[in-house]
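> Once you've had a glance at the structure underneath, I'll fire off some questions.
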Amino acid sequence: MKRFLLLVAISGFFIPSFARQDTAYPKKIYTTNGIQVPPVIDGWLNDDSWKNVPWEGEFQMFDPYDDRPASQDTRFKVIFDRENIYVGIRAFDTAPDSIVKRLTRRDDMDGDFVGLQFDSYHDLQTAFTFVTSAAGSKMDFYMTGDGNNEDLTWNPIWWVETQIDDQGWTMEAKIPFSQLRFDKSSGGVWGFQVARMIFRNSETSFWQPISKESPGFVHLLGELHGLENIDPNKQAEITPYGVAGSEWFEKEPENPFRAEGYDRSINGGLDAKIGLTNNFTLDMTFNPDFGQVEADPSQVNLTAFETFFEEQRPFFIEGKNIFDYDLAVHSMNNLFYSRRIGRRPHHYPDLDNGEYANVPQFTKILGAAKVTGKTKNGLSVGIMESVTSGEQAEIDNNGDRRFETVEPLTNYFASRVSKEFQKGNTILGGMVTSTNRFNDEKHLDYLHSSAISGGIDFKQYFTDRSYVLSLSTYVSQVSGSEEALVRTQRSPVHLFQRPDADYVTLDSTLTSLSGFGGSFSFAKQSGRVNFGSFVYFNSPGLELNDIGFLNTTDEILEILWASYRFNEPFSIFRSMRLSMNQYSAWDFGGRHQVLGFRMSGFAEFKNLWNAGIFGNVDSDLYSNSTLRGGPTIRLPGDYSLNGFLSTSSTKKIIAEVGGYFSRGNENSRTSYSLDFGLTYKPISNLSLSLNPDFSHRKSQLQYVTQQHFENEERYIFGSIDQQTLSMSLRIDLTITPELTLQFWGQPFIASGNYSNFKYITDPIAENFTDRFHLYGENEIEYKEDDDLYSINEPASGLNYEFGNPDFNVKEFLSNLVFRWEYRPGSFLYLVWSQTRSEYNQYGQFHFGDDFADMWDIHPTDAIMLKVSYRIGR
């Protein structure tokens, strides 16, 4: 929620709204001139070179009103030489003491700021964006899709300085042409925009006026003329790095790999960025290290499905939008999921008594390379190739050592292309991915030997981009041993073994499996009234998880939605958005699985507070996956309500609160959560934030286990009382824009207490309680010494046991990162991280005791020093 509110606060520049522009503003033109002597970048704008061009101004407000002159005057100049383009901005302010000057780390903008956008391709689709705060902090990102997408991971090399005086404040920037992409034959015309944010009243203004009711953004930028005589400079830089680290953990005298209680390592690698042509860049990394990256947040996953984690590694997040091929709206499903590369090894050795194993935590990336770029004719290309090493576990048996392969040598490939026609109004694209494992180990035959996927997508805009039609289709094929394909068919993604699914069959002789999917959408994305329809489907055989991300198949989903925007202030509101949608889902057997409705509202108030409320109502759900290979079960419908309220982000203290409540019909389940946020900025370069989050869930049907008999199947469930508390603490100290200290820590406590064990009898019975049999007192016995439940069913004569599923998890994750960009593109990181983790089957939640016990857990501490040095221009 916090990131969402930040983006809303500066939406006029970072995420343009899509509404209708009834009257298009004429294109403004600024003509620049070349210079011989470059200015000194000190923020004062007093060099003679600035006299070669006139000041330009007359900014118009975008937010809160988009048809009024800006409240403060802003002027700028643009000049260039053979290597760089220079921009100077004078942001006048009649109350200079009110300028909000907050120093932040890169890409975390706060306070007054100005920004530049260059559509150097002049394709009316893409824009390189450079933003500077009054304190001199930087933000930079790359816009694509006419402003639909922004890539905040793009970090070019550029210089900027700012100054504050009695007239307001100034910005002076130098941006190398090597950091931009353009063609010499572009005619010297670029798309261009200058923006300003006055933070104290959250006012955004533009040099080139753009209405909030306009569809798209980049195609409406003004124009920068006079660049006919510049030559593209190919980027060329190499950045070697070295890293040394130590880790301390609890001694295990009997384990030869942990007997000393510490481990030390030293490593090195190389990153490179090379301009192949004026428009295409090659990025390479060899033996990359990502020790400075934050750990994934803790969570307990009681579903059969994989948890999605955001990519945080720099090589893979930079330019990641190029490789996106989303399968559905508001879904993580994608043809390419970079977390597959360098993942934890698939295999863990089976150990005999007295044996210990040293298993790699991650698969080493030997090397990766990607080529990205766009031609003047609108052809965008992204190609990525990566090779991960074959990993082995070292196993000790009383001094005798052996090695066992836990991950084979693997090659990953992804390629994304798109071509724009008719000035970007028609876009045709495609993607191909592949995974190839080079495995000669019998015990790894359960892995696919190869996986291929590909897709084609099409987008057509109508009526000045007010309407958009989108189509996509994709296919997949995985190959491997019979064992691998049986494992795939039985996985929670597919569940071909379901006894009541007559349209899929588990085939134990398969050595390959194919599938397909697609989507269709049509939407009006302009004006105050927006609406659209969406259809999405995945066949039962679709399999993408070797290099993509896919949680479920065998589904057809349709969505109808509509929204209305109040774009200008009225009453107590600054803006408001109301929306509603309806959705339905079917499986490929034709069963209607669910019907749902959702309504939502978001409002920003004139005091710059924000609030939102969202409600859902769902019919009964016919779930194919809840029994994890069993028949379809009917789950009671539910309703839910959630919302949030946040104070103004312009203040030193920012508070926010959010809540969620859901209740299932027939008293089947209830859940609620509360989350709070408090951010305090005591001084201009320090931010402290605390975000506690508590959730409580009760359900009568939580999967426990399965028991298989000759003529009987037992799908065993229990009632669960689950409680989870996490609390993130973040401290950001920005000493200079290039020197930062960051701390993140998260204590995490979760418990699950099971009771009222039962097994499924009639999964689609009309009444909820008729769908299962609750074990009677004479049928179930808890054996405390063995921590087992023993079952004796007199009616069937079946006897079986299952383990106690209760759990209590305590975990503390933290890291402290000192980051110094000691020269442009060259970094020094000093990182300390600590992990405390414990799992037991106590099953009760007692915050005071659990929190105190957390600090008795022996920690694992790691310290890392990493230094990189950029060579190039």
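> Under 14 Å from the Cβ of TYR121, count the other residues' Cβ atoms, weight Lys and Arg +1, Asp and Glu -1, and hand me the total. Spell out each step's value before the answer.
On the way: positive: ARG181, LYS184, LYS374, LYS376, LYS419, LYS423; negative: ASP119, ASP123, ASP146, ASP183, GLU223, GLU420.
Summing Lys/Arg as +1 and Asp/Glu as -1 gives 0.
> From largest accessible area down, sort LEU302, LEU276, LEU227; use a 1.4 Å probe on the protein chains.
Values: LEU302 40, LEU276 85, LEU227 5 Å².
Reading off the accessible areas and sorting them downward yields LEU276, LEU302, LEU227.
> Considering only C-alpha atoms, what is the centroid distance from segment 72-94 to segment 624-681, in Å?
47 Å
> Something else now. What accessible area per residue comes out for the chain, rounded to a whole number of Å², with a 1.4 Å probe?
On the way: 37870 Å² over 873 residues.
Ligands and nucleic acids excluded, the result is 43 Å² per residue.
> Mind checking which lysines have their C-alpha under 19 Å from LYS783, skipping anything on the same chain fewer than 8 residues away?
The reachable lysines, counting only those whose Cα sits under 19 Å from LYS783, are LYS758.
> Determine which lysines satisfy two conditions relative to LYS442: a Cα distance under 17 Å, and not lying fewer than 8 residues away in the same chain.
Answer for LYS442, where 17 Å is the Cα cut-off: none of the lysines qualify.
> Right, here's the next one. Quick one: Karplus J couplings for segment 631-636, per residue in order, coefficients 6.51, -1.76, 1.60, θ = phi - 60°, nearest Hz, x for Gly and Pro?
Using θ = phi - 60°, the values come out as x, 5, 10, 8, 9, x Hz.
> Whenever you get a sec, compute what percent of the accessible area on the chain sits on carbon and sulfur atoms (1.4 Å probe).
On the way: 20420 of 37870 Å².
Taking all protein chains in place, the chain shows 54 percent carbon and sulfur surface.
> Further question: Around ALA603, under 14 Å between beta carbons, what's the net of Lys plus Arg minus Asp minus Glu among the other residues? Don't skip to the end; give the middle numbers.
Numbers: positive: ARG565, ARG574, ARG577, LYS606; negative: GLU568, GLU604.
With Lys, Arg at +1 and Asp, Glu at -1, the neighbours total +2.
> May I pose another question? Under 20 Å Cα to Cα from LYS698, which aspartates and glutamates show up? Leave out anything in the same chain fewer than 8 places away.
Excluding near neighbours in sequence, the set is ASP618, ASP620, ASP638, GLU666, ASP675, ASP721, ASP770, ASP806.
> I've got another one for you. Take every Cα pair under 8 Å in the chain that's 6+ residues apart, average their separations, divide by the length, and report that relative contact order as a whole percent. Before the final figure, lay out the partial values.
On the way: 2356 pairs, mean separation 76.5, N = 873.
Relative contact order, the chain: 9 percent.
> So what is the 222 nm mean residue ellipticity for the chain from helices alone, if each DSSP H run of at least 4 adds -39500 (n - 2.57) and you divide by all residues, rounding to the nearest 500 deg cm²/dmol? Each step should come with its number before you reach the end.
Working: 5 runs with 33 residues, N = 873.
Value at 222 nm, helices only, nearest 500: -1000 deg cm²/dmol.
> Quick one: plug the Kirkwood hydrodynamic radius of the chain (C-alpha pairs) into Stokes-Einstein at 25 °C, 0.890 mPa s, and report D in µm²/s. Before the final figure, lay out each step's value.
On the way: Rh = 30.1 Å.
D = 81 µm²/s.
> When Rg is the radius of gyration of the Cα atoms in segment 799-873 and Rh is its Kirkwood radius, what does Rg/Rh come to? Don't skip to the answer; put the middle values down first.
Working: Rg = 20.8 Å, Rh = 16.0 Å.
Here the Rg-to-Rh quotient is 1.30.
> Under 1.5 on a/c is rounded, so check that first for segment 182-236, then, if it is not, pick prolate when a/b is larger than b/c and oblate when it is not; a ≥ b ≥ c are the square roots of the alpha carbon gyration tensor eigenvalues.
In terms of gyration-tensor shape, prolate.
> So, one more: What is the distance in Å between the Cα centroid of segment 540-572 and that of segment 154-197?
Cα centres, segment 540-572 to segment 154-197: 36 Å.
> Residue by residue, what Karplus-based ³J(HN,Hα) values in Hz, rounded to whole numbers, does segment 702-719 have, using 6.51, -1.76 and 1.60 with θ = phi - 60° and x for Gly and Pro?
Karplus-based 3J(HN,Hα) across segment 702-719 equals 10, 4, 10, 6, 10, 10, 10, 10, 4, 10, 9, 10, 10, 9, 9, 10, x, 7 Hz.
> Further question on the same structure: Ignoring ligands, DNA and RNA, how do GLU801, GLU404, GLU766 rank by accessible area with a 1.4 Å probe, largest first? All intermediate terms of the calculation are to be shown ahead of the outcome.
On the way: GLU801 85, GLU404 30, GLU766 130 Å².
The most accessible residue leads, giving GLU766, GLU801, GLU404.
> Another question, if that's okay. Using a 7 Å offset from the Cα along the Cα-to-Cβ direction at both LYS27 and PHE92, what is the distance between the two label points in nm, to one decimal?
2.9 nm
> Here's another thing I want to ask about it. Round to the nearest 10 and report in Å² the accessible area of TRP50, as given by a 1.4 Å probe over the protein chains' heavy atoms.
Counting only protein heavy atoms, TRP50 exposes about 10 Å² to solvent.
> Which of the pairs LYS212/LYS374; LYS320/LYS810; LYS320/LYS681; LYS101/LYS423; LYS77/LYS681; LYS101/LYS273 have their Cα atoms more than 30 Å apart in this structure? Walk me through the numbers on the way to the answer.
Numbers: LYS212/LYS374 28 Å; LYS320/LYS810 34 Å; LYS320/LYS681 32 Å; LYS101/LYS423 40 Å; LYS77/LYS681 34 Å; LYS101/LYS273 34 Å.
In this structure, LYS320/LYS810; LYS320/LYS681; LYS101/LYS423; LYS77/LYS681; LYS101/LYS273 lie more than 30 Å apart at Cα.
> Sorting LYS442, LYS866, LYS28, LYS101 by accessible area (1.4 Å probe), largest first, what list results?
Numbers: LYS442 160, LYS866 20, LYS28 45, LYS101 105 Å².
If we order LYS442, LYS866, LYS28, LYS101 from most to least accessible, we get LYS442, LYS101, LYS28, LYS866.
> Let me ask another. Give the distance, in whole Å, between the Cα centre of segment 410-439 and the Cα centre of segment 320-387.
A separation of 15 Å, based on Cα centres.
> Further question: Take every Cα pair under 8 Å in segment 234-326 that's 6+ residues apart, average their separations, divide by the length, and report that relative contact order as a whole percent.
Details: 110 pairs, mean separation 20.7, N = 93.
Relative contact order, segment 234-326: 22 percent.
> Determine ³J(HN,Hα), in whole Hz, for all residues of segment 811-827 in sequence, where each value follows from phi through the Karplus function 6.51 cos²θ - 1.76 cosθ + 1.60 and θ = phi - 60°; x replaces Gly and Pro.
Residue by residue, segment 811-827 yields 8, 10, 10, 7, 8, 10, 10, 9, 10, 9, 8, 6, 7, x, x, 10, 10 Hz.
The values are calculated or read from the model by the stated rules, or taken from the named source; none is laboratory data. On a predicted model such as this, the values are computed, not experimentally measured, just so you know. Quick reminder, even Gly has a Cβ in these numbers, built from the backbone with ideal geometry, and neighbours come from all protein chains shown. We work out accessible area using only protein heavy atoms, side chains counted, and drop any ligands, DNA or RNA first. Shrake-Rupley method; radii C 1.70, N 1.55, O 1.52, S 1.80 Å.
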